[in-house]
Every structure is written in C-alpha cells, then in structure tokens.
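To start, the structure itself, in structure tokens.
The values are calculated or read from the model by the stated rules, or taken from the named source; none is laboratory data. Just so it is clear, the model here is predicted, and its values are computed rather than measured. Neighbour counts are summed over all protein chains in view; Cβ atoms, including those assigned to glycine, are modelled from backbone coordinates with ideal geometry.
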Amino acid sequence: MAEGLIKNKYPDFEVSSAGTHPAETVNPYAVKVMQDIGVDISENFPKNVEQFANDEFDYVFTVCDSAKEICPVFNNAKNKVHKPFVDPKRDFYDSEDHAIEIYTETRNLIEAWIKEYEDIWS
C-alpha cells in the first residue's frame, strides 16, 4: 500500500517495495481499499527485500518492526526511516467487512505518514 500511495502522489519517483516474507500475490483487501481511493495496485506483485540489498536508495523505509529487525542493512541508502504499522494480514478479523476496516485504517495511517515527508520531497 505504501508503494502505491507514494507512486500515486509522486509519479516521478522511482519506488520499490519488498517484504521479508513476500506472499505470492498482493492481498485482495489491500487492492480493494486502494481502489476505493483511486489507486490501482492490482498489477503489483510481492518481491523479496533481499533482491534490493545492494541497490542505492535515497530513502529506505521499514514499516513494521519485524522487517526492521531482519531486513538487510542497506548500506547504500542515504536515509533510513522506520515507522511501525501493524501488518493488517496478521490481525484477526471475523468478516470481510472487518478486514476492510483494518486495511482501510492501515492505508489511512500510511497516507498520513507519507504527508509528513511533503516538505522534504517537494
């Protein structure tokens, strides 16, 4: 979701997203809540963070505590920023509506966090 939000807000940025334990496909709840705000991530696909370990980045963001702990060091990153968000797929939800609520809340929190960087990136 963070990749989609950043790409949507800053289309000229080169943005990559990866996980420490990537799934086979993007979570359908993430796709749905992003479509609700006009951002299409349905063609995205999960990638393993290891494939980017030697790349150069202006910023490397980690967005959950487990990722921060086991991510590669990213020595080629100019800036490293950590902001923990609860991984919504790990939350317990008892219905599709509840899942959508959880993913929407996480999307909104990530979107607000990205706004904190507007002055830096503008």
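In table form, for the structure just shown:
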| read-out | value |
| --- | --- |
| The lone exception for M34 - which of (1) buried (at least 17 other Cβ atoms within 10 Å of the Cβ); (2) at pLDDT below 90 it fails | (2) |
| Filter pass, A23 being of a type in the set (A, V, I, L, M), modelled with pLDDT under 95 and more than 23 Å from K115 (Cβ to Cβ) | yes |
| Test result for V39, in a loop (DSSP other than H, G, I, E, B), under 16 Å from T106 (Cβ atoms), of a type in the set (A, V, I, L, M, F, W, C) and at pLDDT 85 or above | yes |
| Scan of the stretch 91-120 for residues that are among the charged types (D, E, K, R) and touching a helix residue (DSSP H, G or I) at 6+ places or on another chain (Cβ under 7 Å), ordered by number | D91, R107, E111 |
| Residue selected from the stretch 75-122 under the condition outside any loop (DSSP other than H, G, I, E, B), touching a residue at least 12 places away in the same chain (Cβ under 8 Å) and polar (S, T, N, Q), by the criterion farthest from P28 (Cα to Cα) | N79 |
| Residue among A18, A99, A67, A77 that alone is buried (at least 16 other Cβ atoms within 10 Å of the Cβ), modelled with pLDDT under 95, closer than 20 Å to I114 by Cβ and over 16 Å from the mean Cα position of the chain (by Cα) | A77 |
| Number of the condition not met by P84 [criteria: (1) surrounded by 13 or more Cβ atoms within 10 Å (Cβ to Cβ); (2) in contact with an Asp or Glu (Cβ under 6 Å, 6 or more places away or on another chain)] | (1) |
| Residue in the stretch 46-59 that is modelled with pLDDT of 90 or more, surrounded by 11 or more Cβ atoms within 10 Å (Cβ to Cβ) and either under 19 Å from T106 (Cα atoms) or among the β-branched types (V, I, T) (or both) present | yes |
| Pair list, Cβ under 8 Å, 6 or more apart: the stretch 49-74 residue among the hydrophobic types (A, V, I, L, M, F, W, C) and assigned to a loop (DSSP other than H, G, I, E, B), other residue modelled with pLDDT under 75 and surrounded by 12 or more Cβ atoms within 10 Å (Cβ to Cβ) | A53/P72 |
| Residues (outside any loop (DSSP other than H, G, I, E, B), under 28 Å from A77 (Cα atoms) and not hydrophobic (A, V, I, L, M, F, W, C)) located in the stretch 1-36 | E3, G4, K7, N8, K9, G19 |
